[in-house]
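Accompanying notes for the structure given below.
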Amino acid sequence: MQTNAPTEQLKIVIVGHVDHGKSTFVGRLFHDTGSLAEGKLEQLQLIAERRGVPFEWANLMDALQSERDQNITIDTAQIWFQTKKRQYVIIDAPGHKEFLKNMVTGAANAEAALLLIDANEGVQEQSRRHGYLLNLLGIRQIAVLVNKMDLQDYSQARFDAIEKEYRQFLGSLGVTPKCFIPIAAKHGDNIASISANMPWWTGPTVLASLDEFKLANRPVNQPLRFPIQDVYRFDERRILAGRIESGTLKVGDRLLFSPGNKTSVVKTVERWNAPSSDVATAGESIGVTLTEQIFVERGAIASLEVNPPNDLVRFKARLFWLGRQPFRRGRLYKLKLATQEVECEIEAIERIIDSSTLGTITRTEDEVYVGRNEVAELTLRTKRPVAFDVHADIIATGRFVIVDGFEVSGGGIIAQDDYPRRSVDGSIRSEHIYWSHGKVTAEHRARRNGHPGYVLWLTGLSGSGKSTIATELERELFNMGKNAYVLDGDNVRHGLNSDLAFSPKDRKENIRRVGELSKLFQDAGVITIAAFISPYRSDRDLVRQMVAEGRFIEVYINAPLEVCEQRDVKGLYSKARAQEIKEFTGISAPYETPLQPELELDTDQMTVAESVARILEYLHICAEEDEISI
């Protein structure tokens, strides 16, 4: 083993098609850099001799792998080999999935890659996929090693042909490899020293090319991103622990925790077995305590208020799919981004690409999925807001993996889009905001429209008939020349409330926002028909308080649960009973019936037409009291 080891360290990943010689190459690399434990090579050679089989360099890698799996000699953080210039850590990536998981989840971040191609077999589909994957994950320092040159009689023509073909493919991705090197790993050709078998080669050895790779600068000048890994309690202190992925954090900084928009000031920076300091930068694993004990848990991402991440329920992405089963629209999957975990689904697929040919794959509308080894440009939607950045801006919070069942089955990066961003002072509320009164009064609008504005609030279980009655009522009012508009629960969640999920807290905020919108519509003189389950009385009462007195009409669309389940055309109740949908009203979440609604319609006994007629009759009574005809 070498002594006086250099302190500079570079993480690399070595990839290649099955049987293109990766294990042989790594075993030879260990030997040629003097990175093996003393006697290890002789031990394995003796074992091979006893078994009567030839020694293979791949056996060395397999033996080291076995030791690591048993946690005897090598652990995942050990430096595997070194040159005079620096130490190198090989990120263990035996397959696509492991590589993707390690890279995207931040378990290990490679700064460079060695990609092996068999000179005998040439460029394979897997070779192209590896190239695409490296590009997708932002690894730009790539050396391509054309291995097994001995099986091609060290032919320059064969090497040149492979280089031309693969360089052209990488070029179509916008990737320029650092170099192509002809090697024969079995014999050590061009690994640590120039091979006498290839006098035509005037380029570097593998080790020389590795030493030419540059260390990435720590992203200390980027915006702060501090994903919370865990929360520890010591005495009366709560320590938020994690790794700073970018930026700088110091005592006195006011942190914004996304998603959730909670803020507090850093009181102390905690370290384990390290000198204390009030400042921490990218790459450091630390803990912080806060001046105000707000509730923060694993998954939150801390930033400075002046430059927060996006905090949304949808984003555009480029995704590489490796799952045995296709990635399908209409199914829920688990998305992991930094320390966040949240359910997600495909909202739209813009393009599907064959990762080996780069050709576009066309499918019918009935076949909306991404197949194995395919790449997709798509929009993902999450069940609750996630904090993220565009990958080109901040790598660590701009890439993710998708888990199907219990397997990491895909991963990708977040693409640029016109994402709405919080302003710098978005968490600061002004005390100098006043309601603006125009010169057109509610009475003026009522005389012009022929009716005042109302909020007809239709509440009831899913399947009770709210939306059906609402749309029929809107049509009847429109045909009568009245200004009417339906606010539907699903519709507002596509835009206005797209960042909300279905927890009690999110349901409350959903109704509050709809209430504010209904208030504005009513003020404009519109008969607003709001069709929402709105299961909590307090939320409905809140909207009643917002709207002008006498203009809020609560309509209880009453249907027994069993009737609603029979009408369940979307299959939501069956999914809820199968526990595929959580917090579903009537099954796993409560519905609080109105105590004194203005109208109650028993839709298991009344037709839609009868229900609409009852509402119109009630509106006529209200209008007569206002001395306006409807």
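Hey, can you tell me all the residues within the range 499-543 that are surrounded by 18 or more Cβ atoms within 10 Å (Cβ to Cβ), assigned to a loop (DSSP other than H, G, I, E, B) and more than 30 Å from the chain's Cα centre (by Cα)?
Within the range 499-543, Gly525, Val526, Pro535, Tyr536 qualify.
Residues Ile142, Ile194, Ile162, Ile228: which one is over 34 Å from the mean Cα position of the chain (by Cα) and surrounded by 20 or more Cβ atoms within 10 Å (Cβ to Cβ)?
Values: Ile142 fails: over 34 Å from the mean Cα position of the chain (by Cα); Ile194 fails: surrounded by 20 or more Cβ atoms within 10 Å (Cβ to Cβ); Ile228 fails: over 34 Å from the mean Cα position of the chain (by Cα).
Exactly one residue qualifies, and that residue is Ile162.
Is there a residue being within 25 Å of His31 (Cβ to Cβ) and touching a Ser or Thr at 6+ places or on another chain (Cβ under 6 Å) anywhere in the range 211-220?
yes
Residue-by-condition table, conditions (1) more than 26 Å from Leu29 (Cβ to Cβ); (2) not in a loop (DSSP other than H, G, I, E, B):
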site	(1), (2)
Arg158	no, yes
Lys164	yes, yes
Ala196	no, no
Ser209	no, yes
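Output the residues belonging to the range 592-622 that are without any contact (Cβ under 8 Å) to a residue 40 or more places away in the chain and in a helix (DSSP H, G or I).
Glu610, Ala613, Arg614, Glu617, His620, Ile621
Can you tell me which residue among Arg233, Arg237, Arg243 is free of Cβ contacts under 8 Å to residues at least 12 places away in the same chain and not assigned by TED's automatic domain parsing to the domain that holds Ala501?
Result of the check over Arg233, Arg237, Arg243: Arg233.
Take the range 402-423 and flag every residue that is farther than 18 Å from Gln222 by Cβ, crowded, with 23+ Cβ neighbours inside 10 Å and either modelled with pLDDT of 90 or more or out of contact with any strand residue (DSSP E or B) (no Cβ under 9 Å at 6 or more places or on another chain) (or both).
Ile402
Of everything in the range 558-591 that's polar (S, T, N, Q) and assigned to a loop (DSSP other than H, G, I, E, B), which residue is surrounded by the most Cβ atoms within 10 Å (Cβ to Cβ)?
Ser588
Can you pull out the residues in the range 333-366 that are assigned to a loop (DSSP other than H, G, I, E, B) and loosely packed, with under 13 Cβ neighbours inside 10 Å?
The answer is Thr357, Gly359, Thr362, Arg363, Thr364, Glu365, Asp366.
If Lys519 passes every condition in (1) more than 29 Å from Glu583 (Cα to Cα); (2) at pLDDT 90 or above; (3) of a type outside the set (Asp, Glu); (4) out of contact with any His (no Cβ under 8 Å at 6 or more places or on another chain) but one, which one does it miss?
It fails just one condition, (1).
I'm trying to understand the selection: among the residues of the range 247-283, which are touching a residue at least 12 places away in the same chain (Cβ under 8 Å) and either out of contact with any strand residue (DSSP E or B) (no Cβ under 9 Å at 6 or more places or on another chain) or among the polar types (S, T, N, Q) (or both)?
Of everything in the range 247-283, those that are touching a residue at least 12 places away in the same chain (Cβ under 8 Å) and either out of contact with any strand residue (DSSP E or B) (no Cβ under 9 Å at 6 or more places or on another chain) or among the polar types (S, T, N, Q) (or both) turn out to be Thr248, Ser258, Asn261, Thr263, Ser264, Thr268, Thr281.
Restricting attention to the range 142-153, does a residue exist that is under 30 Å from Ile228 (Cα atoms), at pLDDT 80 or above and in the same structural domain as Trp200 (by TED's automatic domain parsing)?
No, there is no match, as no residue in the range 142-153 is under 30 Å from Ile228 (Cα atoms), at pLDDT 80 or above and in the same structural domain as Trp200 (by TED's automatic domain parsing).
Scan (1) closer than 30 Å to Gly481 by Cβ; (2) touching a strand residue (DSSP E or B) at 6+ places or on another chain (Cβ under 9 Å) for the single condition Glu549 breaks and write down its number.
The one condition Glu549 does not meet is (2).
Can you tell me which residue in the range 457-498 is surrounded by the fewest Cβ atoms within 10 Å (Cβ to Cβ), limited to those that are in contact with a Phe, Trp or Tyr (Cβ under 9 Å, 6 or more places away or on another chain), modelled with pLDDT of 90 or more and assigned to a strand (DSSP E or B)?
It comes out as Tyr485.
Within the range 69-81, identify whether any single residue is at pLDDT 60 or above, among the acidic types (Asp, Glu) and assigned by TED's automatic domain parsing to the domain that holds Arg128, and answer yes or no.
Checking the range 69-81: not a single residue is at pLDDT 60 or above, among the acidic types (Asp, Glu) and assigned by TED's automatic domain parsing to the domain that holds Arg128.
Among the numbered conditions (1) farther than 27 Å from Ile394 by Cα; (2) in contact with a Leu (Cβ under 8 Å, 6 or more places away or on another chain); (3) modelled with pLDDT of 70 or more; (4) not in a helix (DSSP H, G or I), tell me where Gly27 comes up short.
(4)
The values are calculated or read from the model by the stated rules, or taken from the named source; none is laboratory data. Since the model is a prediction, treat every value here as computed from it, not as a measurement. Quick reminder, even Gly has a Cβ in these numbers, built from the backbone with ideal geometry, and neighbours come from all protein chains shown.
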